[in-house]
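Here, each number is a calculation from the coordinates, and none is a lab measurement. What you are looking at is a predicted structure, and each value in this text was computed from that prediction instead of being measured. Cβ: placed from backbone, ideal geometry, glycine included. Neighbour counts: every protein chain shown.
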């Protein structure tokens, strides 16, 4: 059962411990999500109805939870990316040096050994 998208809708929040907050308007609930007072696992229902759904599954709020997940993911990715970049450049440099040394040995081999 989906809840209709209505910005004038008033909502009631049920926390995991059973505590109920509200009713509050959509903008207040969005603020609470940004302040981490409402978590993805908390349940929300339209005012006066007992149709509880996880906050992360309600259309009006799903983008707020996704934006938070992307921000956390991108921060951790940047941290790991810097180390991967350094290691990748170092390996590339070692391969380049190895290729140069191999080339120089080959040239010397041709010059001294194959020349006869």
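A few points about this structure:
- Residue that is surrounded by the most Cβ atoms within 10 Å (Cβ to Cβ), among those in region 5-29 that are closer than 17 Å to residue 63 by Cβ and out of contact with any helix residue (DSSP H, G or I) (no Cβ under 6 Å at 6 or more places or on another chain): 29
- Scanning region 32-50 for residues that are under 14 Å from residue 9 (Cβ atoms) and surrounded by fewer than 12 Cβ atoms within 10 Å (Cβ to Cβ) gives 48, 49.
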